[in-house]
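Taken together, the values in this text are just the output of simple stated rules run on the coordinates, not laboratory data. None of the values given here were measured: they were computed from a predicted structure. FYI the Cβ positions are ideal-geometry reconstructions off the backbone, even for glycines, and counts take in every protein chain you see.
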Amino acid sequence: MILVGPMGVGKSTVGELLAARLGAAFRDTDKDIVDTSGKPISEIFIDEGEPHFRALEREAVRRALAEHPGVLALGGGAILAEETRELLRCLPVVFLEMGLTEAVKRVGLDAPRPLLAVNPRQQWRKLMDERRPLYAGVARAVVSTEHRTPDEVVDEILEVL
Ligand code: S3P
């Protein structure tokens with residue numbers, strides 16, 4: 001099972017729980033990239049730039065999909081790559097979503113996000129206008145993480161898939 005959706009929506013939290021409920025392993029492409037490159041994502045963005053990060057991300061997704069049969073969370077921008085969207089076709093993909101107010105609240109409190117460093121509200125709108133159709137295009141189901149506990153989100157994923 002593969003979780004896609006914007007940063008801060010809860011892919012890692014929900015993914016870990018979902019994996020535990022299924023008795024499966026959990027993997028996260030952001031973490032794979034950090035482990036392989038030995039530095040945080042924000043530093044990869046600063047030192048090497050976003051295109052380099054996206055290339056690492058495509059490779060991390062390709063590898064994880066080939067190696068990992070459990071629950072997989074993809075970084076929020078992974079679906080920007082056509083190659084990745086193509087690989088996701090016919091796989092059980094869930095799009096986790098939330099509204100703008102919730103997003104700004106969650107992302108603002110979380111670790112620094114290079115893409116939302118300046119004017120987060122406006123950046124978020126722009127990102128989501130571009131990405132929502134891409135998430136929806138690869139997903140079999142859309143599940144909101146707003147006003148629910150991670151356990152309730154897992155219940156719904158198991159119901160709809
Ligand atoms: C990004 C989302 C982040 C991380 C990077 C870029 C994006 O992942 O890959 O900061 O483009 O939306 P999470 O969605 O896991 O936070």
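Given their separation in residues at 0.36 nm each and the Cα-Cα distance between them, Leu161 and Arg140 gain 6.8 nm when the chain is fully extended. For Asp129, Asp28, Asp151, the sequence from fewest to most other C-beta atoms within 10 Å is Asp129, Asp151, Asp28.
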